[in-house]
Amino acid sequence: MIFHAFLIKYAEIAIKGKNRYLFEDALVKQMRLALEPVEGDFRVIKEQGRVYVLCPEEYDFDEAVEALQRVFGIVGISPVVIYEDQGFEQMGKDVVSYMKARYPEFSGTFKVYTRRARKSYPINSMEVSASLGGLILDAFPETSVDVHNPQLTLSVEIREKIYVYSETIPGPGGMPVGTNGKAMLLLSGGIDSPVAGYMIAKRGVKIDAVYFHAPPYTSERAKQKVVDLAKLVARYSGPIRLHVVNFTDIQLYIYDQCPHEELTIIMRRYMMRIAEHFAKKCGCLGLITGESIGQVASQTLQSLAATNEVCTLPVYRPVIGFDKQEIVEISRKIDTFETSIQPFEDCCTIFVAKHPVTKPNLNVIHRSETKLEEKIDQLMEEALSTVEVIEIN
């Protein structure tokens, strides 16, 4: 069966009151961007409280649905067949024809739901539903009507033309990207940070990212792994500006000057400082990390407090209460897992101490950082000025 359109269903957007149109417009924009790579002339329109994708005569159905399933804000995608309005008698024939083509062996319970967007139509919605239900019963004698808990709901919308659909494919939910500001993601090559970026983007936040590269201790392949992860996240979040920071000299200097059990915390604090620099430069309203309480030494409450101290922007940690398996499940769903587990180390894993402090004392950390004062500002300047920016689409 050829579907002529998709009816797009949303949830949270519907309760936005007078600002609802802004969220609808953002949703339409993201849908158009998502459909651009799909061959064919798709048109996304708003019409009488509905959002539709009008499809070309020939297109790849699965590819179009897959693209729409990556657009935050969509909770359901209903494939629609559109018929010319040639009177009620013809409508009945068209609906029965739809059922025979779509469900030739159907023998369960059903109901017909009618919506008259065109109020001038001479028959009201209840009468249309009852009459169409009778025609379906005649055509499918083994079926029965159940208006409370049907196995199949056939929806008919009366507009300038007649729209018929009976299936809703789940969408990702959330809010359209760009409706809730922008934030900077600290993106590593691990499992957690791509998931964190996905989850924040799902709430309507546009994201940029920063990656800390440490050549020659980390390879170009490790960097490419992060670029690949950014591309996978960008399928949902839209374009990402990835900042690749050369962190080698800073790490080596900290390694030489500071107690090794404090390396992870102090390095993390300087990463947060650098990430915040680029966040402010890009107009971001916060930082995003993939930290989960207790997962590693740098993610105890005391350690998180120590890294937070250097930030003036809020730090968002969407997987903070998740265990590893929960994070892995999301990474599999968004197709980042297999890339994340490729054996290319990031800069964090190279300089991990054998016995890292798990409950850092801020006064002790401050004293250790004073040992860096002679040279750290210069190294920070070099890292900031030599950043590589990669546009991820």
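The values are calculated or read from the model by the stated rules, or taken from the named source; none is laboratory data. Predicted model only: the values in this text are computed from it and were never measured. As a convention, Cβ positions derive from the backbone with ideal geometry for all residues, glycine included, and neighbour counts pool all protein chains shown. Surface accessibility is based on the protein's heavy atoms, side chains included, excluding ligands, DNA and RNA. Shrake-Rupley method; radii C 1.70, N 1.55, O 1.52, S 1.80 Å.
Below, the figures for the structure above:
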{"read-out": "Filter result for the condition that a residue is open to solvent by less than 70 Å² (accessible area, probe 1.4 Å), more than 30 Å from V315 (Cα to Cα), at pLDDT 95 or above and not β-branched (V, I, T), over P172, P150, P176", "value": "P150"}
{"read-out": "E84 being more than 18 Å from R159 (Cβ to Cβ), open to solvent by 50 Å² or more (accessible area, probe 1.4 Å) and not polar (S, T, N, Q)", "value": "no"}
{"read-out": "Test: residue in the range 63-72 that is under 25 Å from A26 (Cβ atoms) and touching a Ser or Thr at 6+ places or on another chain (Cβ under 6 Å)", "value": "no"}
{"read-out": "Residue count for the range 378-393, restricted to those that are part of a helix (DSSP H, G or I) and either at pLDDT below 95 or of a type in the set (A, V, I, L, M, F, W, C) (or both)", "value": "4"}
{"read-out": "Close pairs (9 angstrom Cβ cut-off, 6 or more residues apart or separate chains): without any contact (Cβ under 8 Å) to a residue 60 or more places away in the chain in the range 319-345, among the aliphatic types (A, V, I, L, M) and open to solvent by 80 Å² or more (accessible area, probe 1.4 Å) anywhere", "value": "I320/I293; G321/I293"}
{"read-out": "Residue within the range 270-283 that is within 24 Å of I376 (Cα to Cα), open to solvent by less than 10 Å² (accessible area, probe 1.4 Å) and touching a His at 6+ places or on another chain (Cβ under 7 Å) present", "value": "yes"}
{"read-out": "Any chance P343 is in contact with a strand residue (DSSP E or B) (Cβ under 9 Å, 6 or more places away or on another chain) and not basic (K, R)", "value": "no"}
{"read-out": "Matching entry among V357, V387, V328 (being hydrophobic (A, V, I, L, M, F, W, C) and more than 21 Å from R268 (Cα to Cα))", "value": "V328"}
{"read-out": "Number of the exception - V210 against (1) closer than 19 Å to A353 by Cβ; (2) under 25 Å from the mean Cα position of the chain (by Cα)", "value": "(1)"}
{"read-out": "Criterion (open to solvent by less than 50 Å² (accessible area, probe 1.4 Å), in contact (Cβ under 8 Å) with a residue 24 or more places away in the chain and touching a helix residue (DSSP H, G or I) at 6+ places or on another chain (Cβ under 9 Å)) met by exactly one of S155, S144, S188", "value": "S188"}
{"read-out": "Enumeration of residues in the range 87-130 that are part of a helix (DSSP H, G or I) and open to solvent by less than 50 Å² (accessible area, probe 1.4 Å)", "value": "M91, G92, D94, V95, V96, Y98, M99, S125, V128, S129"}
{"read-out": "Some residue of the range 341-355 being open to solvent by 30 Å² or more (accessible area, probe 1.4 Å) and farther than 30 Å from Y198 by Cα", "value": "yes"}
{"read-out": "Scan of the range 165-201 for residues that are over 23 Å from Q295 (Cα atoms) and among the acidic types (D, E), ordered by number", "value": "E167"}
{"read-out": "Test set (1) in contact with a Cys (Cβ under 8 Å, 6 or more places away or on another chain); (2) assigned to a loop (DSSP other than H, G, I, E, B) - A183 fails condition number", "value": "(2)"}
{"read-out": "Test: F337 is at pLDDT 95 or above, of a type outside the set (D, E, K, R) and touching a helix residue (DSSP H, G or I) at 6+ places or on another chain (Cβ under 8 Å)", "value": "yes"}
{"read-out": "Segments classed as helices (runs of 4 or more DSSP H), wholly inside the range 252-362, with at least 3 members that are not hydroxyl-bearing (S, T, Y)", "value": "263-281, 301-308, 324-333, 347-350"}
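Listed here are the residues, each with its yes/no results for (1) open to solvent by less than 20 Å² (accessible area, probe 1.4 Å); (2) in contact with a helix residue (DSSP H, G or I) (Cβ under 8 Å, 6 or more places away or on another chain).
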residue	(1), (2)
M267	yes, yes
G286	yes, yes
Q295	no, yes
L301	no, no
L313	no, yes
P318	no, yes
